[in-house]
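The values are calculated or read from the model by the stated rules, or taken from the named source; none is laboratory data. Quick caveat, the model's predicted, so the values are computed rather than measured. Neighbour counts are summed over all protein chains in view; Cβ atoms, including those assigned to glycine, are modelled from backbone coordinates with ideal geometry.
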Amino acid sequence: MPLAPVIAIDGPTASGKGTIAHAVARELGFGCLDSGALYRVVALQALRRKVDPGDAPALAQLARDARLRFDSGRVELDGEDVAGAIRAEEVGRLASRVAAHGPVRDALLQLQRSFRRWPGLVADGRDMGTVVFADACLKVFLTASVEERAGRRFKQLKEKGYSVNLAALLLDLRERDERDRTRAVAPLVAAEDAWQLDATNLTIDEVVAQVLAWYGAVSEH
Ligand code: CDP
């Protein structure tokens with residue numbers, strides 16, 4: 001049997017990748033992989049076990065040892081649902097540091113690829129189209145202005161009851177983008193064959209419709 005089709009959605013922090021990926025997967029009846037959640041789980045585990053964010057071998061070991069399960073919105077780490085805990089800003093910030101280590105990325109590679117099942121997968125992250133699913137049939141690079149992204153993240157975090165400061169958030173997004181773009185391994189960059197989509201002035205429905213239209217066009221061939 002040939003490999004199942006993959007739609008890769010990459011882009012900077014808070015560009016709406018997760019929301020779009022879920023909606024597209026729902027429309028097509030595909031599975032969904034939030035690859036950032038894996039790096040967030042490793043970061044959460046590092047915080048709990050007080051592992052130094054610079055210690056690549058120890059972090060890679062954490063990634064290999066974590067017993068992970070993803071099931072309809074739940075993210076289970078060693079049997080505990082950590083879906084809420086991994087969304088904290090502190091965890092996201094650390095995830096971006098943890099994710100810069102090659103050995104950590106290698107430790108998570110096979111796990112990510114194991115999500116590829118029929119009828120198909122929508123995978124979102126930073127290197128879905130460039131590394132993990134380099135043969136994806138559709139690659140989307142989703143961006144939005146940093147102000148728009150900070151505003152969205154601000155709203156999202158407030159709704160979840162976190163106290164946030166917009167100026168600090170903006171600074172943090174810039175820092176995280178910079179780290180993701182300039183790291184030596186799997187940097188955040190659009191694949192050569194990616195379709196670029198700037199969502200600054202688009203609604204979620206418009207972005208989803210565009211991705212579905214592109215998928216319709218590529219899957220006809
Ligand atoms: O929500 P946000 O877009 O900030 O982050 P995320 O997608 O949950 O990912 C958390 C962190 O993991 C990011 O800051 C990236 O540094 C890293 N990441 C990565 O390196 N590669 C991926 N495929 C996905 C996430």
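Residue-level check: of (1) over 24 Å from residue 40 (Cα atoms); (2) out of contact with any helix residue (DSSP H, G or I) (no Cβ under 6 Å at 6 or more places or on another chain); (3) crowded, with 17+ Cβ neighbours inside 10 Å, residue 199 misses just (2).
Residue 93 fulfils the conditions (1) more than 20 Å from residue 184 (Cβ to Cβ); (2) basic (Lys, Arg); (3) in contact with an Asp or Glu (Cβ under 8 Å, 6 or more places away or on another chain) except for a single criterion, (1). Filtering region 18-37 to residues that are in a helix (DSSP H, G or I), in contact with a strand residue (DSSP E or B) (Cβ under 7 Å, 6 or more places away or on another chain) and at pLDDT 95 or above leaves 20, 21, 22, 24, 25, 35, 36, 37. Considering 53, 57, 2, the condition of being farther than 26 Å from residue 163 by Cβ, of a type outside the set (Ser, Thr, Tyr) and in a loop (DSSP other than H, G, I, E, B) is satisfied by 2 alone.
Taking the criterion of being of a type in the set (A, V, I, L, M, F, W, C), surrounded by fewer than 18 Cβ atoms within 10 Å (Cβ to Cβ), modelled with pLDDT under 95 and within 12 Å of the ligand (Cβ to nearest atom), would at least one residue in region 95-110 satisfy it? Give the derivation first.
First, the residues of region 95-110 that are of a type in the set (A, V, I, L, M, F, W, C): 95, 98-100, 104, 107-109.
Of the ones still in play, those that are also surrounded by fewer than 18 Cβ atoms within 10 Å (Cβ to Cβ) are 109.
Among the residues that remain, those that are also modelled with pLDDT under 95 are: none.
No: region 95-110 contains no residue that is of a type in the set (A, V, I, L, M, F, W, C), surrounded by fewer than 18 Cβ atoms within 10 Å (Cβ to Cβ), modelled with pLDDT under 95 and within 12 Å of the ligand (Cβ to nearest atom).
Quick check on residue 152: is it closer than 23 Å to residue 131 by Cβ, within 20 Å of the chain's Cα centre (by Cα) and outside any loop (DSSP other than H, G, I, E, B)? It is false that residue 152 is closer than 23 Å to residue 131 by Cβ, within 20 Å of the chain's Cα centre (by Cα) and outside any loop (DSSP other than H, G, I, E, B).
To keep it simple, each residue is scored yes or no on (1) within 16 Å of the ligand (Cβ to nearest atom); (2) out of contact with any Pro (no Cβ under 9 Å at 6 or more places or on another chain); (3) in a helix (DSSP H, G or I); (4) modelled with pLDDT of 95 or more.
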| site | (1), (2), (3), (4) |
| --- | --- |
| 178 | yes, yes, yes, no |
| 181 | yes, no, yes, no |
| 185 | yes, yes, no, no |
| 189 | yes, yes, no, no |
| 193 | no, yes, no, yes |
| 205 | no, yes, yes, yes |
| 214 | no, yes, yes, yes |
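What single numbered condition from (1) within 13 Å of the ligand (Cβ to nearest atom); (2) modelled with pLDDT of 95 or more fails to hold for residue 137? Failing condition for residue 137: (1).
Do we find that residue 173 is within 13 Å of the ligand (Cβ to nearest atom), under 28 Å from residue 30 (Cβ atoms) and touching a residue at least 60 places away in the same chain (Cβ under 8 Å) in this structure? No; evaluated as a whole, the condition is false for this residue. For first residues located in region 81-96 and basic (Lys, Arg), partners that are near the ligand (Cβ under 9 Å from one of its atoms) and lie 6+ apart or on another chain with Cβ distances below 7 Å form the pairs 93/176.
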